[in-house]
1. Would you mind computing, in nm to one decimal, how far apart the modelled labels at residue 118 and residue 56 are, each placed 7 Å from Cα along Cα→Cβ?
2. Express in nm, to one decimal, how much length is gained between residue 164 and residue 109 on full extension, taking 0.36 nm for each residue of separation and deducting their alpha carbon distance.
3. Just to confirm a number: summing +1 for Lys and Arg and -1 for Asp and Glu over residues other than residue 82 whose beta-carbon lies under 12 angstrom from that of residue 82, what do you get?
4. Once R0 is set to 22 Å, what does the formula 1/(1 + (r/R0)^6) return for the Cβ-Cβ distance between residue 171 and residue 12, expressed as a FRET efficiency to the nearest 0.05?
5. Based on the Cβ-Cβ distance from residue 41 to residue 152, what FRET efficiency comes out when R0 is 30 Å, to the nearest 0.05?
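Derivation of every value follows stated rules applied to the coordinates shown; laboratory data play no part. Given the structure is predicted, the values throughout are model-derived calculations rather than measurements. Here the Cβ positions follow ideal geometry from the backbone for every residue, glycine too, while neighbour counts run over all protein chains shown.
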Amino acid sequence: MTTTCSLVFPPHPAWVRAARETVRTMLAAARRTELTDTAVALTSEAVTNAVNACLAKGCTTPVTLCAEWTGRGHLRVLVHDGASGLPVRQHATPPPEDEGGRGLLLIDRGADAWGVCTHGPGPGKAMWFLLGARPAKDRSPAACNECAALESARRKAVTGGDKDAVVDATVAVRSHFRDAHLLRRPR
């Protein structure tokens, strides 16, 4: 089974289809077609959000899509863009005549878990979602004291300017996030 695939592309709407097809192909190769419809739709929304954020902010940094199987057979899709700022989630469904504003609602309703990570170097963020599992609600990074402490330490390292300390702190944040929020079994 192919465990990981990635795609790096310019922030242009024409690449949304390529991102969807990359995930579709990975699922077909893994014979996990029961996830295809949801994974393709959510990938489309996440990539569209990234491309739109880049276009709105004049960001030309490539967008990166990474799809991988976790050790427990859950599909994790991560989309990184270099645009500053975080996506804004609508709390009400937009009127039918509005063309946008539904992406995060769809991801929230379709994914078993999802989030936005800003722990990387420089501006930008990574939106991720997980399919094939139902993690416990208390695994949310927003309520995690360890996430907050590790991110604080990472910011202190960035302020201090020691590149090795920044790398170590970033690895600690990402390792904790992966282990505590993505790979843990639901209770």
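1. 1.4 nm
2. Fully extending the segment from residue 164 to residue 109 adds 15.9 nm.
3. +1
4. 0.10
5. Working: r = 36 Å, r/R0 = 1.19.
So, using R0 = 30 Å, E works out to roughly 0.25.
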